[in-house]
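The structure appears right after this line, and notes come after that.
The values are calculated or read from the model by the stated rules, or taken from the named source; none is laboratory data. This structure is a prediction, so every number in the text was calculated from the model and none was measured. Methodologically, a virtual Cβ is constructed for each residue, glycine included, from the backbone with ideal geometry; neighbour enumeration extends over all protein chains shown. We work out accessible area using only protein heavy atoms, side chains counted, and drop any ligands, DNA or RNA first. Shrake-Rupley method; radii C 1.70, N 1.55, O 1.52, S 1.80 Å.
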Amino acid sequence: MTEHSFLARPSPAFRDSYLDALREGFFWARHTPFDDDAIAFIAGHFADYLKELDKDGQIPQADHGHRMPSVPSTTFWLVEGGDFIGTVNIRARIDTHVLAHFGGHVGYAIRPARQGQGHGRRILALALEICRGMGIGIVRLSCAEDNAASRRIIEANGGLLLRRCPPAWYADYPHLLYEIPLV
């Protein structure tokens, strides 16, 4: 069931469920899941880990050897009861080359055990409401070309395909660039 899920700021209240998701292989903004040592470190320093999530968009980022300026962003967790389901990051603006052509305003991920249950569609719909409230008129986002599930989620939320993008220094795989008009 997805109708009782909601977006919340990352919180210690969901610690155990979040750690379970990491053990399942959940990862966000990384190319691979965390290993056991990294999960143990996060578990032992969970409050600090949550603080790092709040720094997203406040410090310059390095990607594929390129140093890029940051943009304001906010992380939310999709939760239901006491369970962590997934995460979404919303960027207030996308005025960097990488974000304009790859990352976009919204990025999301659902933990493996909860995929295929409508949570991806729900997390994006809730994120779009936040974007609308922020005054973003057109939301841009992307997904890997071979990620059929993400394509369905984006298109179900009104996504219009802009173009197919070949691999580049900021994405080592072909991806699809979408826009979702909110006005």
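Name the residues in the stretch 95-121 that are assigned to a helix (DSSP H, G or I) and β-branched (Val, Ile, Thr), would you?
First, pick out the residues of the stretch 95-121 that are assigned to a helix (DSSP H, G or I): 97-103, 112-114, 119-121.
If the condition is that a residue be assigned to a helix (DSSP H, G or I) and β-branched (Val, Ile, Thr), then 98 is the only one that fits.
All but one of (1) without any contact (Cβ under 8 Å) to a residue 60 or more places away in the chain; (2) part of a helix (DSSP H, G or I); (3) open to solvent by 20 Å² or more (accessible area, probe 1.4 Å) hold for residue 124; state the number of the condition that does not hold.
Here residue 124 meets the rest and fails (3).
Residues being of a type in the set (D, E, K, R) and within 17 Å of the chain's Cα centre (by Cα): count how many of those fall in the stretch 139-179.
The qualifying residues number 6.
Look at the stretch 104-121 and say how many of its residues are over 9 Å from the mean Cα position of the chain (by Cα), small (Gly, Ala, Ser) and open to solvent by less than 20 Å² (accessible area, probe 1.4 Å).
2
Just checking, how many residues over the stretch 4-43 are open to solvent by 80 Å² or more (accessible area, probe 1.4 Å), free of Cβ contacts under 8 Å to residues at least 40 places away in the same chain and in contact with a helix residue (DSSP H, G or I) (Cβ under 8 Å, 6 or more places away or on another chain)?
Summing the residues that are open to solvent by 80 Å² or more (accessible area, probe 1.4 Å), free of Cβ contacts under 8 Å to residues at least 40 places away in the same chain and in contact with a helix residue (DSSP H, G or I) (Cβ under 8 Å, 6 or more places away or on another chain) in the stretch 4-43 gives 2.
Does any residue in the stretch 127-148 that is assigned to a loop (DSSP other than H, G, I, E, B) come within less than 6 Å, Cβ to Cβ, of a residue that is open to solvent by 60 Å² or more (accessible area, probe 1.4 Å) six or more places away or on a different chain, and which pairs are these?
137/183
Name the strands (runs of 3 or more DSSP E) wholly within the stretch 25-80 that hold at least 1 residues that are at pLDDT 95 or above?
Where strands (runs of 3 or more DSSP E) fall fully within the stretch 25-80 and carry at least 1 residues being at pLDDT 95 or above, they are 73-80.
Residues in the stretch 138-166 that are touching a Pro at 6+ places or on another chain (Cβ under 6 Å) and open to solvent by 70 Å² or more (accessible area, probe 1.4 Å): how many? Outline the logic, then answer.
Here is the first cut: in the stretch 138-166, the residues touching a Pro at 6+ places or on another chain (Cβ under 6 Å) are 138, 145, 166.
Next, only the ones that are open to solvent by 70 Å² or more (accessible area, probe 1.4 Å) stay: 138, 166.
Total satisfying the criteria: 2.
Go through (1) open to solvent by 30 Å² or more (accessible area, probe 1.4 Å); (2) at negative phi for residue 135 and report which single condition fails.
Here residue 135 clears every test but (2).
Six or more apart or on different chains, Cβ atoms under 6 Å: show the pairs whose first residue is in the stretch 101-113 and over 23 Å from residue 169 (Cβ atoms) and whose second is open to solvent by 40 Å² or more (accessible area, probe 1.4 Å).
Qualifying pairs under 6 Å: 111/24; 112/24; 113/24.
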